[in-house]
Amino acid sequence: MTSKEYSIVSKSSFDIYACNHDLDTIEECLKVDPKTYYGMNIIDYLVGNTDRHPENWGFLVENKTNRYVSLYPLMDFNQSFQSYDTIDGANCLTVYPRRMTQREAALEAVKKIGLNQTKKIGEAVFEDAPQWKDMFYRRLSELQIE
């Protein structure tokens, strides 16, 4: 993700910058890259990712200008399929200081950007992990609002 042109700045590091410049981090996310921000909340809900703490997401910064240009691509899914025993999922970490479940944050996101599902997710995806199949499809159906 990093190169001579771009670096990543975690959300927690950006919070310090935002505090010193009278900015709201979430508002900046929504100005710069709402599709990735809302998409992150959707995918985290669908796969039950409980590890989206402020060090696991943030901004992509152009090194030459030191300006943030987008949120960086999604990463760190090693805690997926956690809190997969309820339809609501865990507390959504990306909306702090607001308090929402992952389900609530994902529903809000779908209202803002849509689900944008490009193709059907076949059951073969769950061939090696059948215990996750039913909850995944239940969560997906929650988000398929008209």
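Specify the residue with the greatest mean-square fluctuation among 118, 94, 86, computed from a Gaussian network of the chain linking alpha-carbon atoms under 10 Å apart.
118
Just 49, 41, 63 to compare: in a GNM of the chain, with alpha carbon springs under 10 Å, which one fluctuates most?
Among 49, 41, 63, the largest mean-square fluctuation in the Gaussian network model of the chain belongs to 63.
Counting other Cβ atoms within 10 Å, keep those with at most 14, restrict to DSSP loop, and tell me which trypsin sites (Lys or Arg not before Pro) in the range 26-68 are left.
Those satisfying the criteria are 64.
When the chain is treated as a GNM, springs tying every alpha-carbon pair under 10 Å, which of 95, 61, 125 comes out with the largest mean-square fluctuation?
Answer for the Gaussian network model of the chain: 125.
Based solely on its DSSP helices, what 222 nm [θ] is calculated for the chain when runs of n ≥ 4 H residues each add -39,500 (n - 2.57) and the sum is averaged over all residues, nearest 500 deg cm²/dmol?
-11500 deg cm²/dmol
For every other residue with a beta carbon closer than 15 angstrom to the beta carbon of residue 47, add +1 if it is Lys or Arg and -1 if Asp or Glu, then tell me the sum.
That sum, taken over residues with Cβ under 15 Å, equals -3.
Run the reach check for residue 133 against lysines, Cα to Cα strictly under 23 Å, same-chain hits fewer than 8 apart removed. What comes back?
Filter leaves 119, 120.
For semi-axes √(5λ) of the Cα gyration tensor in Å, one of (i) 25, 18, 15; (ii) 29, 16, 14; (iii) 21, 18, 15 was computed from the structure I shared and the rest are decoys. Which label?
Comparing each candidate, only (ii) matches the computed number.
Net charge near residue 74: determine it from the other residues with C-beta under 12 Å of the C-beta of residue 74, scoring Lys and Arg +1 and Asp and Glu -1.
Numbers: positive: 35, 52; negative: 33, 44, 51, 76.
Local net charge: -2.
Taking the Cα centre of the chain as origin, work out the dipole magnitude from +1 charges on Lys and Arg Cβ and -1 charges on Asp and Glu Cβ, in debye rounded to 20. Intermediate values should be presented prior to the final figure.
On the way: 17 positive and 22 negative charges, 69 e Å.
With Lys and Arg at +1 and Asp and Glu at -1, about 340 debye.
Work out the FRET efficiency for residue 133 and residue 53 from their Cβ-Cβ distance, taking R0 = 25 Å, and round it to the nearest 0.05.
Efficiency, rounded to the nearest 0.05: 0.40.
Only the coordinates and a few stated rules stand behind these numbers; no lab work does. Everything numeric in this text was worked out from a predicted model, so none of it was measured. Reconstructed Cβ throughout: ideal geometry from the backbone, glycine too, with neighbour counts over all protein chains shown.
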